[in-house]
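The values are calculated or read from the model by the stated rules, or taken from the named source; none is laboratory data. These figures come from a predicted structure and were not determined experimentally. Every residue, glycine among them, receives a Cβ derived from its backbone with ideal geometry; neighbour counts consider all protein chains shown.
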Amino acid sequence: MATAGALERIDEGNNSRDDDGVSAPRTTEYAVRGLVALALEGRDGKVRQAAELARTSGAPAKFLEQVLRILKKGGFVRSRRGAGGGYELARSADKIRMSEVMGWIEGNDESYENRRGDILGEEWIKLQKQAREAAQKVLAGDTLADLAERVQNRRAARGKASEYQI
């Protein structure tokens, strides 16, 4: 379990190609980083300020603040104003499906365009749709709690149980 003082970045070794060449848009990546930070650091019921979440998640502070506002509109986080204000999960991490997060951030627009109107274009569009459906199926099987737990377990296996990274 993360401790309240665990401020090490969760993106240790932040290599832009850590994803084996498959890259989600940065907005989605930062949303997931912020949500995992909230799931792990927010377990004590305290709200977390955007600057603290930026430090622990490895996301740029200004960009993360914008992403948190998007997540708030989607019902994933809520904010509290004032001196002790910040962000917290709007619902339990085990109730947030990763497919919901990706769908909210990236949209579910499947309007692929065949600009040339040829057979290759049609087949390419079909392949893109199949890939998106497969990704959604995988993401629908995981919750934020599942992802946070895997991050925590890997961190514990490295002997750093009070710190985390994704």
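If you check Gly117 against the conditions, is it surrounded by fewer than 17 Cβ atoms within 10 Å (Cβ to Cβ), of a type outside the set (A, V, I, L, M, F, W, C), in contact with a Lys or Arg (Cβ under 9 Å, 6 or more places away or on another chain) and more than 17 Å from Leu71 (Cα to Cα)?
Details: surrounded by fewer than 17 Cβ atoms within 10 Å (Cβ to Cβ): yes; of a type outside the set (A, V, I, L, M, F, W, C): yes; in contact with a Lys or Arg (Cβ under 9 Å, 6 or more places away or on another chain): no; more than 17 Å from Leu71 (Cα to Cα): yes.
No: the conditions fail for Gly117.
Being at pLDDT below 50 and among the charged types (D, E, K, R) is true for just one of Arg33, Arg9. Which residue is that? Give the steps one after another, and end with the answer.
On the way: Arg33 fails: at pLDDT below 50.
Residue meeting the stated conditions: Arg9.
Right, Glu149: in contact (Cβ under 8 Å) with a residue 12 or more places away in the chain and closer than 19 Å to Glu41 by Cα or not?
In short, no.
Tally the residues that are at pLDDT 95 or above and out of contact with any strand residue (DSSP E or B) (no Cβ under 7 Å at 6 or more places or on another chain), restricting the search to the range 77-90.
0
Given the options Glu149, Glu65, Glu122, Glu106, name the one that is farther than 22 Å from Pro25 by Cβ and surrounded by 14 or more Cβ atoms within 10 Å (Cβ to Cβ). Break it down into steps so the answer makes sense when it comes.
Values: Glu65 fails: farther than 22 Å from Pro25 by Cβ; Glu122 fails: surrounded by 14 or more Cβ atoms within 10 Å (Cβ to Cβ); Glu106 fails: farther than 22 Å from Pro25 by Cβ.
Going through Glu149, Glu65, Glu122, Glu106 in turn, just one is farther than 22 Å from Pro25 by Cβ and surrounded by 14 or more Cβ atoms within 10 Å (Cβ to Cβ): Glu149.
List pairs: first residue in the range 26-50 and closer than 18 Å to Arg155 by Cβ, second residue surrounded by 15 or more Cβ atoms within 10 Å (Cβ to Cβ) and among the basic types (Lys, Arg) anywhere in the structure, Cβ distance under 6 angstrom, at least six positions apart or on different chains.
Glu41/Arg48; Gly42/Arg48
Within the range 60-74, track down each residue that is over 20 Å from Gln136 (Cα atoms) and without any contact (Cβ under 8 Å) to a residue 40 or more places away in the chain.
Answer for the range 60-74, where residues must be over 20 Å from Gln136 (Cα atoms) and without any contact (Cβ under 8 Å) to a residue 40 or more places away in the chain: Pro60, Ala61, Lys62, Phe63, Leu64, Glu65, Gln66, Leu68, Arg69, Lys72, Lys73.
I'm trying to understand the selection: among the residues of the range 75-100, which are free of Cβ contacts under 8 Å to residues at least 60 places away in the same chain, assigned to a loop (DSSP other than H, G, I, E, B) and surrounded by 15 or more Cβ atoms within 10 Å (Cβ to Cβ)?
Phe76, Ala90
For the range 103-118, enumerate the residues that are more than 21 Å from Val138 (Cα to Cα) and modelled with pLDDT of 70 or more.
Within the range 103-118, Arg115, Arg116, Gly117, Asp118 qualify.
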